[in-house]
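Okay, structure first, notes after.
The values are calculated or read from the model by the stated rules, or taken from the named source; none is laboratory data. Keep in mind it's a predicted model, so treat the numbers as computed, not measured. Note that each Cβ is placed from the backbone with ideal geometry, even for glycine, and that neighbours are counted across all protein chains shown.
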């Protein structure tokens with residue numbers, strides 16, 4: 001074999017393998033793939049081929065095995081776009097640059113609503129209402145397509161714990177709460193009383209003022225929770241007779257805090273309870289139009305506020 005023929009053969013082989021592993025496939029646009037934990041290389045290559053991300057399944061498998069990469073590929077959701085070679089695709093699958101999905105646990109949601117969200121994400125989960133704790137922050141959370149409901153819940157719990165422990169350390173030490181559990185309970189009531197950030201601290205202060213003189217909290221949302229237990233919305237306005245509904249959650253009937261949360265509070269409500277607005281207010285009532293409240297220091301003034309609201313056109 002002559003040197004020139006050997007060189008030509010070498011060039012031919014180089015071009016062949018370069019085109020096989022490094023040449024670009026046709027351009028793809030925002031194609032999503034999900035590599036589940038435990039997937040074999042043949043399964044991955046089949047998926048890539050079916051989505052027209054690679055042109056040659058055998059070449060992909062050969063590249064992976066030749067470079068001992070089978071156990072290094074990350075599982076998760078990837079979004080691929082542009083022109084890609086087998087080399088580039090493999091590099092992306094090794095990078096761990098995943099697509100993160102998001103869901104929002106809206107302030108004021110109940111446990112059953114969080115359970116529904118988790119079941120929608122992971123229909124095969126056996127998670128139950130009894131697995132979901134009270135001390136969870138309503139917020140927007142990220143997760144991977146391959147995450148189980150249990151894994152997602154664990155991440156939510158860990159995040160909520162870190163955040164609440166931090167604000168508990170920074171709390172006003174004069175507030176009459178024993179622990180973080182009580183912080184969440186009162187924050188859940190504040191959450192249901194107002195969605196206005198600037199009022200949360202004032203309303204928290206009202207409840208603390210009531211507690212300091214042995215007055216019942218008298219919070220309407222606790223009455224609604226007494227009736228519905230958070231399984232559904234009441235679907236009507238509270239009636240006067242509802243205020244006498246027999247429940248340990250009814251703060252018109254019982255002094256102090258209810259035994260557990262009535263909803264999931266957001267960060268602002270937790271912060272407001274940890275550092276409430278200092279005032280002499282004992283009462284508040286919602287205005288008709290904008291959801292804001294009038295605050296009063298005594299019952300006479302409170303009644304005047306109520307009358308002015310009723311007489312307002």
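Here are the numbers for this structure:
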| read-out | value |
| --- | --- |
| Complete set of residues in the range 117-128 that are part of a helix (DSSP H, G or I) and surrounded by 12 or more Cβ atoms within 10 Å (Cβ to Cβ) | 117, 118, 119, 121 |
| Number of positions in the range 48-59 that are within 14 Å of residue 84 (Cβ to Cβ) and either at pLDDT 85 or above or not in a helix (DSSP H, G or I) (or both) | 8 |
| Breaking point among (1) part of a strand (DSSP E or B); (2) at pLDDT 95 or above; (3) surrounded by fewer than 17 Cβ atoms within 10 Å (Cβ to Cβ), for residue 34 | (2) |
| Test: residue in the range 301-312 that is closer than 24 Å to residue 175 by Cβ and touching a strand residue (DSSP E or B) at 6+ places or on another chain (Cβ under 6 Å) | yes |
| Selection status of residue 40, in contact with a helix residue (DSSP H, G or I) (Cβ under 8 Å, 6 or more places away or on another chain), loosely packed, with under 12 Cβ neighbours inside 10 Å, outside the structural domain of residue 147 (by TED's automatic domain parsing) and modelled with pLDDT of 80 or more | no |
| Tally, over the range 230-262, of residues that are out of contact with any helix residue (DSSP H, G or I) (no Cβ under 8 Å at 6 or more places or on another chain) and surrounded by 14 or more Cβ atoms within 10 Å (Cβ to Cβ) | 1 |
